[in-house]
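Student: Pasting in a structure now, in structure tokens, and then I'll have a few things to ask.
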Amino acid sequence: MSTTFLGMPGSPAFPSFPRAAHEAVRDTTLRGNLRHATHTIRAKRAAAVAELPDWAELREAGRQIKDHTLRHLDRYLVQVEEAVTAAGGTVHWAVDADEANRIVADLVKATGESEVVKVKSMATQEIGLNEALQAEGIRAYETDLAELIVQLGHDRPSHILVPAIHRNRGEIRDIFRSEMDRWGRPAPEGLSDTPAELAEAARLHLREKFLRARVAVSGANFVVAETGTLVVVESEGNGRMCLTLPETLISVVGIEKIVPTWRDLEVFLQTLPRSSTAERMNPYTSMWTGTTDGDGPETFHLVLLDNGRTDTLADEVGRQALRCIRCSACLNVCPVYERAGGHAYGSVYPGPIGAILSPQLRGTASEIDASLPYASSLCGACYEVCPVAINIPEVLVHLRERVVEGGPATRAGNKVLLRPAKGHAAERAAMRAARWALTRPGALLGGQRLASRTRRFHPRTLPGPGRAWSGSRDLPPVPTEPFRDWWQRTHGTPGGKDAT
């Protein structure tokens with residue numbers, strides 16, 4: 001078995017997106033897996049969305065609810081803390097990944113336990129919680145089927161909704177056979193690659209962990225501010241087991257996951273299932289408010305995670321990325337993601353949303369984060385399917401400008417002036433030259449005439465820094481004469497003035 005994962009996401013050693021994607025597209029098995037899965041999911045989603053005559057209105061309602069919440073996030077965060085505390089829970093605030101990991105590790109150690117079961121959570125993947133707990137002698141077991149496959153395969157998620165989308169059934173069977181016994185109950189003898197047998201093997205493997213675990217870790221899809229209620233939507237039932245059986249529940253939630261009221265939640269419980277799994281209604285929707293004697297966990301902790309979200313909120317253009325409800329619809333229609341796969345993005349947030357979210361949460365100092373805004377053809381398909389109307393192409397262009405030109409930004413809560421990223425000097429020089437020429441008609445016409453007369457000697461590829469651009473594109477042929485000369489020749493008047 002092979003994996004396309006290259007290095008630790010976001011680390012200085014991780015290659016830029018173009019280099020990582022160059023390796024990924026050579027993997028024909030990976031491309032076949034991605035093509036089959038994404039085409040199937042997006043076709044089902046389109047059918048599910050078409051059933052609702054008011055989909056456009058729901059989409060707009062979701063956008064407005066999210067924008068309103070982000071504008072008043074300070075007030076709603078305080079309301080969440082008050083409501084969760086009143087319901088018997090404890091709220092912790094984490095400014096970054098290190099602080100969140102430290103809080104969770106300390107809470108687990110306080111119980112005397114050395115293992116936890118986990119509900120699928122992008123936030124805990126984002127902060128590297130499993131690795132942090134392992135360093136503290138605590139073993140974290142993923143219980144979502146796809147996350148289990150990724151964990152057993154010593155791999156990384158490559159899709160928001162389907163983390164193991166890059167694996168086929170044969171690869172999953174081999175992973176189960178070779179790795180399950182190292183984590184608990186081994187795979188059955190003679191395990192085949194049929195979906196039913198693979199699912200049963202995972203069910204038997206996980207059941208003993210559900211029944212033994214005393215501590216669980218989750219994220220949340222939404223937090224209802226008016227009551228302090230957390231909401232997890234999932235399709236397998238593993239979340240329900242983690243959220244009800246253990247004695248202690250720790251939920252790590254990004255501060256952008258808040259919705260003000262139950263009425264607001266109703267909108268997203270319609271749009272999220274149809275946009276993600278193409279279902280009219282989510283199979284398992286678990287909700288809990290603090291603690292209740294004799295029902296569910298005895299102790300509940302909510303860790304509210306910032307980790308760059310406040311900095312993102314300060315960007316008037318980029319903040320719309322915080323509307324994301326993690327449906328993954330944008331990944332399933334993206335031609336770049338379909339060919340490169342999720343690992344090339346160097347983030348737990350792959351695809352178009354990752355290309356705008358990761359550089360804002362982490363900054364653009366690393367090679368991978370500086371390259372992510374360019375991981376797009378700007379075709380706009382992601383914007384068309386987004387259930388909360390995030391204009392991803394607009395943010396991509398905005399972030400490209402930040403990478404090339406630098407400029408003001410907010411990092412760690414402080415206003416800073418970013419320096420232009422390395423490797424873009426030629427691009428900046430070309431744009432300045434273009435601006436100079438386009439504001440001087442005489443110089444522009446002279447350059448066009450010179451280019452037309454020397455067209456026979458033009459190279460097919462650009463030299464120097466331009467080689468990267470022309471290496472994947474055909475240079476457009478230069479016409480035999482400039483447009484203005486042609487217009488004057490064919491439509492001009494004898495006096496030299498253009499005909500009107």
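Student: Tell me, what is the per residue accessible area of the chain in Å², probe radius 1.4 Å? List each step's numbers first, then the result.
Tutor: Numbers: 23780 Å² over 500 residues.
It amounts to 48 Å² per residue over the chain.
Student: Let me check against my output: what whole-number percent is the relative contact order of the chain, with C-alpha pairs under 8 Å and at least 6 apart? List each step's numbers first, then the result.
Tutor: On the way: 831 pairs, mean separation 96.5, N = 500.
It rounds to 19 percent for the chain.
Student: With just the Cα atoms defining each centre, how far is the range 16-63 from the range 394-451? Give it in Å.
Tutor: What the calculation gives is 32 Å, centre to centre.
Student: With the contact rule set at Cα under 8 Å and sequence spacing of 6 or more, what percent relative contact order holds for the range 345-449?
Tutor: Working: 93 pairs, mean separation 18.0, N = 105.
Reported relative contact order: 17 percent.
Student: Using the Karplus curve 6.51 cos²θ - 1.76 cosθ + 1.60 with θ = phi - 60°, what ³J(HN,Hα) values do you get for each residue of the range 126-140, in whole Hz, with x for Gly and Pro?
Tutor: Result, rounded to whole Hz: 4, 8, x, 5, 4, 5, 5, 5, 4, 5, 9, x, 10, 9, 9.
Student: List, in order, the whole-Hz ³J(HN,Hα) value for each residue of the range 377-394 obtained from phi through the Karplus relation with A = 6.51, B = -1.76, C = 1.60 and θ = phi - 60°; use x for Gly and Pro.
Tutor: 8, 6, 6, x, 4, 5, 5, 5, 9, 5, x, 10, 6, 6, 7, 4, x, 4
Student: Summing Lys, Arg as +1 and Asp, Glu as -1, what charge do residues with Cβ under 14 Å from the Cβ of Thr69 carry, Thr69 excluded? All intermediate terms of the calculation are to be shown ahead of the outcome.
Tutor: Values: positive: Arg63, Lys66, Arg71, Arg75, Lys257, Arg263, Arg309, Arg319, Arg323; negative: Asp67, Asp74, Glu226, Glu256, Asp264.
Net charge around Thr69: +4.
Student: Hey, another quick one. For the range 135-176, state which GluC sites (Glu not before Pro) are in a DSSP loop and have at most 16 other beta carbons lying within 10 Å of their beta carbon.
Tutor: Glu136
Student: I've got another one for you. Between the helical axis of 97-111 and the dominant principal axis of the chain, each derived from Cα atoms, what acute angle in degrees is found, rounded to the nearest 10?
Tutor: Around 10 degrees separate the two axes.
Student: Tell me which residues come under 5 Å, amide H to amide H, from Leu475 once H is placed; ignore anything under 5 positions away on its chain.
Tutor: Residues meeting the criterion, in which the H sits 1.01 Å from N, do not exist here.
Student: If you don't mind, there's one more thing I want to ask. Using only Cα atoms, tell me the angle between helix 28-50 and the longest principal axis of the chain; keep it within 0 to 90° and round to the nearest 10.
Tutor: Here the helix axis deviates by roughly 80 degrees.
Student: Across the range 327-336, in residue order, what do the Karplus-derived ³J(HN,Hα) couplings come to in whole Hz, using 6.51 cos²θ - 1.76 cosθ + 1.60 with θ = phi - 60° and x for Gly and Pro?
Tutor: 7, 6, 4, 5, 5, 6, 10, 7, x, 6
Student: A further question follows. Enter the angle in degrees (range 0 to 90, nearest 10) between the Cα long axis of helix 425-438 and the first principal axis of the Cα atoms of the chain, meaning the one along which they spread out most.
Tutor: Between helix and principal axis, roughly 40 degrees.
Student: Under the rule of at least 5 residues apart or a separate chain, name every residue whose amide H is placed under 5 Å from the amide H of Ile258.
Tutor: Here the answer is Val223, since their amide H atoms fall under 5 Å of that of Ile258.
Student: With each pseudo-label sitting 7 Å past Cα toward Cβ, what's the Ala451-Met431 distance in nm, one decimal?
Tutor: 1.9
Student: For the chain, what does the helix formula give at 222 nm: sum of -39500 (n - 2.57) over DSSP H segments with n ≥ 4, over the residue count, nearest 500 deg cm²/dmol?
Tutor: Values: 23 runs with 245 residues, N = 500.
Dividing the helical sum by the residues of the chain leaves -14500 deg cm²/dmol.
Student: What are the residues whose amide H is under 5 Å from the amide H of Ala140, where those residues sit 5 or more places off or on another chain and H is modelled from the backbone?
Tutor: Val116
The values are calculated or read from the model by the stated rules, or taken from the named source; none is laboratory data. This structure is a prediction, so every number in the text was calculated from the model and none was measured. Every residue, glycine among them, receives a Cβ derived from its backbone with ideal geometry; neighbour counts consider all protein chains shown. The area values use the complete protein model at the heavy-atom level, side chains included, leaving out ligands, DNA and RNA. Shrake-Rupley method; radii C 1.70, N 1.55, O 1.52, S 1.80 Å.
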